[in-house]
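Computed from the coordinates by the stated procedures, all read-outs in this text should not be read as laboratory data. Since this is a predicted model, take the numbers as computed values, not measurements. No Cβ is skipped: glycine too gets one built from the backbone with ideal geometry, and neighbour counts run over all protein chains shown.
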Protein chains: 2
Amino acid sequence: MRYFIELSYNGRNYFGWQRQPKGATVQGTLEGALTTLLRRPVETTGAGRTDTGVHAAYYVAHFDLDEPLSDPRHTAYKLNALLPCDIAVSRIAPVADGAHARFDALEREYRYFIELRKNPFTRGSVWQYYRTLDVGRMNRAAALLLEYDDFTTFAKLNSNNRTNICHVMQAGWSVSEQGVLCFRIRADRFLRNMVRAVVGTLVDVGRGRYDVGEFRAIVESRDLSRASSGAPAEGLYLWDVTYPSGLFRRSEGGACMPSVM
Amino acid sequence: MRYFIELSYNGRNYFGWQRQPKGATVQGTLEGALTTLLRRPVETTGAGRTDTGVHAAYYVAHFDLDEPLSDPRHTAYKLNALLPCDIAVSRIAPVADGAHARFDALEREYRYFIELRKNPFTRGSVWQYYRTLDVGRMNRAAALLLEYDDFTTFAKLNSNNRTNICHVMQAGWSVSEQGVLCFRIRADRFLRNMVRAVVGTLVDVGRGRYDVGEFRAIVESRDLSRASSGAPAEGLYLWDVTYPSGLFRRSEGGACMPSVM
């Protein structure tokens, strides 16, 4: 029996999703709790990697069991009691045997939050950045991302991506009532480090280091050294993962939001 | 010269606002930073006490200086650089000599946030409470608070309030899109511990321990032992302090919100 598990995690205390020999990871922590609860070794396959310190408002993984769970809701409830406070499971649902959390994902969405002032309540949840940013200009630059599909500029050196091709369907900034900037980007896939490098470079556009034409030249250069330094992990959230509707549908309220209001 | 200072603080690491011989307080930390920056001892008078662990999205204090500040905005900016990340100053503004942050305050508003599920991003910012609550019933009970002015039931034993009379102008619950419950209460004054005791008792109404009639009887009893145990400090925020408009007007964006969205 194969199950999809929907979860959210605060990445602050983890070396990312992916299991490692040393250091706490979300995958390692989740597998430990599943193994304890179900009294047999459970391995999970996640929708993708997230880097050290990066959050997931919504994440999907799959795992297999020899016998079906009698009450998946109850299993999720007990799992939450076992897991630390920075990982929350919202649902465990049976899926078709071949369904794959990573390979069947059609699109992913990331969001990045920037707050332009000191705020005692959002530390660790946003990038607090105390300069003026020209959001209109950042949006004109962000729109260019939809015209390209080779994102080598924003790839990580020595990462083992077979290809640096990504199809970006959405990329843009909005400003909340609270004055917090939110960057949303959707694509079929993302390269390691890509969103943070894109955000860092767009912020350099917003503060006047580059104009929109220079941003275009940077994207076209496919030269890793021309990307700005990556924006800090604390502002980045994996926000959505989409599957073919016949395979898996995201549950209502399946994500946890970094907001109390 | 008298100044009003508007600030926000995350109460998690403080023994409340009020200066104490031992333990970090917001007032002590603020006065330390002002004294360092202005190179002379500065004492502040706050709009009121907040208890250990309680937050303030908006707080006002006053202080006096022999010579006027040449650039209060710049002073606020430098003060933020000196203060720890959990205290943020939004404005320093000159006021009339007799203006008093505590005695001239007309109304105060507190808000209390409850989230009914595990959320890795709101720990320390809300009360995570995993039961079902009947918000309609909690609102019918909350409305009764406007009919009474003696809040002895919700006072703290041995506190040195001269009177337990408070005029409540607003008291009610709302539910955000995210499913977070928010209790708003406005009054001319609050007793120590009062909001947390009111919230704790209303939650007992919401989970079915008391009906609305019993809640009324508890309020009327003026018996401290009949209030439920107080809701945890982490969900409570001083949210607003109002002064006569000729004396002081709250600045736009003077508060920091516990939200990134």
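Could you work out how far apart the two model spin labels at B:R140 and B:R2 are, taking each label as a point 7 Å from the Cα in the direction of the beta carbon, and quote it in nm?
4.7
In 10 Å bins starting at 0, how do the alpha-carbon pair distances of the protein assembly as shown split up by percent?
4, 17, 23, 23, 19, 11, 3, 0
So for segment B:1-95, averaging the separation of alpha carbon pairs under 8 Å that are six or more residues apart and normalising by length, what relative contact order in percent results?
On the way: 186 pairs, mean separation 41.7, N = 95.
Contact order relative to length: 44 percent.
Output, in nm with one decimal and in ascending order, the distances from the B:D66 label point to the matching label points of the other copies (7 Å from Cα along Cα-to-Cβ).
Distances between equivalent label points, in nm: 8.4.
How high is the relative contact order of segment B:181-233, in percent, with contacts defined as C-alpha pairs under 8 Å that are six or more residues apart?
It rounds to 48 percent for segment B:181-233.
Residues of B:36-43, mean number of Cβ from any other protein chain within 10 Å of their own Cβ, rounded to a whole number? Before the final figure, lay out the partial values.
Numbers: counts 0, 0, 0, 0, 0, 0, 0, 0.
Across B:36-43, the average partner-chain Cβ count within 10 Å equals 0.
So what's chain A giving for Cα Rg divided by 2.2 N^0.38 Å, two decimals? Working shown, then result.
Numbers: Rg = 19.0 Å, N = 261, 2.2 N^0.38 = 18.2 Å.
For chain A, the normalised Cα radius of gyration comes out at 1.04.
Mind checking segment B:108-181 for trypsin sites (Lys or Arg not before Pro) that DSSP puts in a loop (not H, G, I, E or B) and that have at most 13 other Cβ atoms within 10 Å? It would help to have the intermediate numbers written out before the result.
Numbers: sites: B:R108, B:R111, B:R117, B:K118, B:R123, B:R131, B:R137, B:R140, B:K156, B:R162; in loops: B:R117, B:K118, B:R131, B:K156, B:R162.
When the trypsin sites (Lys or Arg not before Pro) of segment B:108-181 are filtered for loop state and at most 13 Cβ neighbours within 10 Å, B:R131, B:R162 remain.
Using Cα centres only, tell me the gap between segment B:151-194 and segment B:102-118 in whole Å.
Their Cα centres are 8 Å away from one another.
If you build a Gaussian network model of chain B, linking Cα atoms that sit under 10 Å apart, which residue out of B:R186, B:R249, B:R49 swings the most?
Result: B:R249 has the largest fluctuation of those listed.
Calculated from DSSP H runs of 4 or more alone, at -39500 (n - 2.57) each and per residue, what is the 222 nm mean residue ellipticity of chain B, nearest 500?
Values: 5 runs with 57 residues, N = 261.
Mean residue ellipticity at 222 nm (helix-derived): -6500 deg cm²/dmol.
Let me have the relative contact order for chain A, percent, based on Cα pairs under 8 Å that are six or more residues apart.
On the way: 556 pairs, mean separation 64.9, N = 261.
Across chain A, relative contact order equals 25 percent.
Using only Cα atoms, figure out Rg for segment B:111-261 and give it as a multiple of 2.2 N^0.38 Å.
Numbers: Rg = 15.8 Å, N = 151, 2.2 N^0.38 = 14.8 Å.
It is 1.07.
List the residues whose amide H sits under 5 Å from the amide H of B:W127, counting only those 5 or more places along or on another chain, with H placed 1.01 Å from N in the peptide plane.
B:F113, B:I114, B:E115, B:G235
Give the nm distances, rounded to one decimal, from B:E147 to the matching residue in every other copy, measuring between label points 7 Å along Cα toward the beta carbon; shortest first.
Here the equivalent label points are 6.8 nm apart from this one.
Any idea how far the Cα center of segment B:221-261 sits from the one of segment A:1-73, in Å?
That distance is 39 Å.
Compute the convex hull volume of the Cα atoms of segment A:206-259, divide it by the residue count, and report the result per residue in Å³ as a whole number. Let's see the in-between values first.
Details: hull volume 9.4 nm³, N = 54.
Dividing the Cα hull volume of segment A:206-259 by its residues yields 175 Å³.
Report, in listed order, any pair from A:K156/B:K118; B:K22/B:K78; A:K118/B:K22 with a Cα-Cα distance greater than 30 Å. Don't skip to the end; give the middle numbers.
Working: A:K156/B:K118 34 Å; B:K22/B:K78 26 Å; A:K118/B:K22 27 Å.
Among A:K156/B:K118; B:K22/B:K78; A:K118/B:K22, the Cα-Cα distance tops 30 Å for A:K156/B:K118.
Counting only Cβ atoms, what residue of chain A lies nearest to the axis that sends chain A onto chain B, and how many whole Å off?
Value returned for chain A: A:S259, 2.
List the distances, in nm and shortest first, from the label point of A:R216 to the matching label points in every other copy, placing each point 7 Å from Cα along the Cα-to-Cβ direction.
Label-point separations across copies, in nm and ascending: 7.2.
Using only Cα atoms, tell me the angle between helix A:135-144 and the longest principal axis of chain A; keep it within 0 to 90° and round to the nearest 10.
In chain A, helix A:135-144 runs at an angle near 70 degrees to the longest axis.
Please compute, over every Cα-Cα pair in segment A:138-211, the percentage with a separation greater than 14 angstrom. List each step's numbers first, then the result.
Working: 1652 of 2701 pairs.
For segment A:138-211, the share of Cα pairs beyond 14 Å comes to 61 percent.
Please express the shape of segment B:2-104 as an equivalent ellipsoid: the semi-axes are the square roots of 5 times the eigenvalues of the C-alpha gyration tensor, given largest first in whole angstrom.
Details: eigenvalues 83, 46, 31 Å².
Semi-axes from the Cα gyration tensor: 20, 15, 12 Å.
What's the average, rounded to a whole number, of partner chain beta-carbon atoms within 10 Å of each residue's beta-carbon in A:120-128? Spell out each step's value before the answer.
Details: counts 17, 16, 7, 3, 2, 7, 2, 0, 2.
The shielding value for this peptide is 6.
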